[in-house]
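Comments concern the structure below.
The values are calculated or read from the model by the stated rules, or taken from the named source; none is laboratory data. Just so it is clear, the model here is predicted, and its values are computed rather than measured. Neighbour counts run over all protein chains shown; Cβ positions are idealised from the backbone, glycine included. Ligands, DNA and RNA are excluded from the accessible area calculation, which covers all protein heavy atoms including side chains. Shrake-Rupley method; radii C 1.70, N 1.55, O 1.52, S 1.80 Å.
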Amino acid sequence: MIAAIRKARRLEGDVMLPGDKSISHRALILGAIASGESRFRGLSSGADVRSTAHCVRALGVEVSDSAVGGVGMHGLRAPTGALDCGNSGTTMRLLAGLLAAQPFVTELRGDDSLTARPMDRVVTPLREMGAAASWPPLVVGGRMPLHGIDYVMPVASAQVKSALLLAGLFADGRTTVVEPVATRNHTELMLEAMGASVGADGRHVKVSPAERLSPLDIEIPGDLSAASFWLVAAGLVSKSRLRIRNAGINPTRMKFIELLRGIGIGVTVEGARKAGGEPVGDLAVGTAPNLRPLTINGAIAAQTIDELPVFAVAATQLPGTSRITGAGELRVKESNRIAAMAEGLAAMGADIAALDDGWVITGPRHLEGARVRSHRDHRVAMALAVAGLLADGTTEIDDAECVDISYPGFFDQLESLC
Ligand code: S3P
């Protein structure tokens, strides 16, 4: 599908966010090994979470949109064939951790994009725990028992951390993961709510073996990373005002809100509350009166990794030179996001130079609608759609259906706000 986006005169209204993708994956995977049925409201209907649901079903677990029939810590069944993780890195890496600790062998497969993404980052520490694990292709499990390790992660990754915490539930002794930067802690919060012994001491995250996990009954908040597209768009399109209800506002995901405020886009959080162990609130945003350039590097890049494509779009409209560095991980996401965003924004007239680990972008630049490529990457497609709202004429985005990975209905939502 080719999406055609026209310049927006203003954006106004209420945004409906999809359920948080990270929390939805974890609800299905952790719910699968709980003792009894977990219930949830607001599960993401995106294709990535459907991939997790499909894999969990193949392990002998009943799954619906609102419940998962946990089979207990030792109740998973060997699948009859390879598990298909589709486009989803979270599915593959989290399940690698869980399945490395099972008495049976599992192969995990994915589409072309996922097959090209690095999996040695989970295989190496899982082997250190005594698990059988190899890649490529990714094959795990069948050798027990695992033992707890102290692992210093070379790359900041919530997926790798979560994989090791899952394996650690089944290991002898405690597992400690030391993160270079504190990443999203949804796995830790959910495990704690299920009665596991898990805790963080700064960047040291520890988990002890568990005998049983209690089922969940949770409200899954709206996806803050999905909100980032609307926050940037409303901040940059004249006379705009948006309200976003029920967004997850977990502090480990909020760094980009601070960055938005730093460039002049004032986001306010109202009605902060807790839902299912996770902080939730409503967000309000309007057109920024004054804009300032952006600098992102090091730890901040790791904490805003999913929002960087839309920050690249924002930077085209900021005065002066914005620098986004320390984001080499963008090269190994669903696409090479550094190259994909540089290509798309340059085609629209931006002054953007790709670096090994980010971009240098000078603005403000007048953008012109162009035909651009999503590279079948949901976040690239949505970021370029925001660029299209700022550009003269029409922007055509190819393979735009890839937004379904995390945000089914994204383009309908866009139309209703314009
Ligand atoms: C995720 C972690 C991040 C993020 C991804 C979701 C998660 O990936 O980019 O969209 O749910 O744990 P990495 O762990 O590879 O940084």
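On the given criteria, is Leu114 within 16 Å of the ligand (Cβ to nearest atom) and surrounded by 21 or more Cβ atoms within 10 Å (Cβ to Cβ)? Spell out the reasoning first.
Details: within 16 Å of the ligand (Cβ to nearest atom): yes; surrounded by 21 or more Cβ atoms within 10 Å (Cβ to Cβ): yes.
In short, yes.
Of the conditions (1) crowded, with 23+ Cβ neighbours inside 10 Å; (2) more than 23 Å from Leu367 (Cα to Cα); (3) of a type in the set (D, E, K, R), Glu307 satisfies every one except a single condition; which number is it?
(2)
Identify all residues within the stretch 333-354 that are acidic (Asp, Glu) and open to solvent by 50 Å² or more (accessible area, probe 1.4 Å); write none if there are none. Give the derivation first.
Narrowing the stretch 333-354 to residues acidic (Asp, Glu): 334, 343, 351.
Matches in the stretch 333-354: Glu343, Asp351.
Could you list all residues from the stretch 127-162 that are open to solvent by less than 30 Å² (accessible area, probe 1.4 Å), within 16 Å of the ligand (Cβ to nearest atom) and assigned to a loop (DSSP other than H, G, I, E, B)?
Scanning the stretch 127-162 gives Met153, Ala156, Ser157.
Kindly state which strands (runs of 3 or more DSSP E) lie completely within the stretch 233-335 and contain at least 1 residues that are among the small types (Gly, Ala, Ser) and either within 16 Å of the ligand (Cβ to nearest atom) or under 28 Å from Asp111 (Cβ atoms) (or both).
Values: elements: 241-248, 267-275, 278-286, 320-324.
Qualifying strands (runs of 3 or more DSSP E): 241-248.
Cβ-Cβ distance below 9 Å, separation of 6 or more or different chains: which pairs start in the stretch 74-96 with a residue that is away from the ligand (no atom under 16 Å from the Cβ) and end on one that is in a loop (DSSP other than H, G, I, E, B) and open to solvent by 40 Å² or more (accessible area, probe 1.4 Å)?
What qualifies is His74/Pro103; Ala78/Pro103; Ala78/Val105; Ala82/Pro137; Asp84/Asp111.
When you go through Asp398, Asp357, Asp377 one by one, which is the residue that is within 15 Å of the ligand (Cβ to nearest atom) and open to solvent by less than 40 Å² (accessible area, probe 1.4 Å)? Before the answer, list the steps.
Working: Asp398 fails: within 15 Å of the ligand (Cβ to nearest atom); Asp357 fails: open to solvent by less than 40 Å² (accessible area, probe 1.4 Å).
Residue meeting the stated conditions: Asp377.
Determine whether the stretch 119-126 contains at least one residue that is under 27 Å from Gly328 (Cα atoms), within 19 Å of the chain's Cα centre (by Cα) and either at pLDDT below 95 or surrounded by fewer than 21 Cβ atoms within 10 Å (Cβ to Cβ) (or both). Please lay out each step first, then the result.
Keep residues of the stretch 119-126 that are under 27 Å from Gly328 (Cα atoms), which gives 119-126.
Still in the list and also within 19 Å of the chain's Cα centre (by Cα): 119, 121-122.
Right, trim to either at pLDDT below 95 or surrounded by fewer than 21 Cβ atoms within 10 Å (Cβ to Cβ) (or both) and you get 121.
Within the stretch 119-126 (the criterion being under 27 Å from Gly328 (Cα atoms), within 19 Å of the chain's Cα centre (by Cα) and either at pLDDT below 95 or surrounded by fewer than 21 Cβ atoms within 10 Å (Cβ to Cβ) (or both)), the answer is yes, since at least one residue qualifies.
Filter the stretch 174-206 down to the residues that are more than 16 Å from the ligand (Cβ to nearest atom) and under 19 Å from Ile300 (Cα atoms) and list them by number.
Here is the first cut: in the stretch 174-206, the ones more than 16 Å from the ligand (Cβ to nearest atom) are 174-176, 192-197, 199, 201-202, 204, 206.
Across the stretch 174-206, the qualifying residues are Gly202, His204.
Any residue at all in the stretch 301-315 that is of a type outside the set (A, V, I, L, M, F, W, C) and more than 18 Å from the chain's Cα centre (by Cα)? Outline the logic, then answer.
Of the residues in the stretch 301-315, the ones of a type outside the set (A, V, I, L, M, F, W, C) are 303-304, 306-307, 309.
Then keep just the ones that are more than 18 Å from the chain's Cα centre (by Cα); that gives none.
So far as the stretch 301-315 goes, no, none of its residues is of a type outside the set (A, V, I, L, M, F, W, C) and more than 18 Å from the chain's Cα centre (by Cα).
Of the conditions (1) under 27 Å from Gly60 (Cβ atoms); (2) away from the ligand (no atom under 15 Å from the Cβ); (3) in contact with a helix residue (DSSP H, G or I) (Cβ under 7 Å, 6 or more places away or on another chain), Leu99 fails just one. Which one is it?
Every listed condition holds for Leu99 apart from (3).
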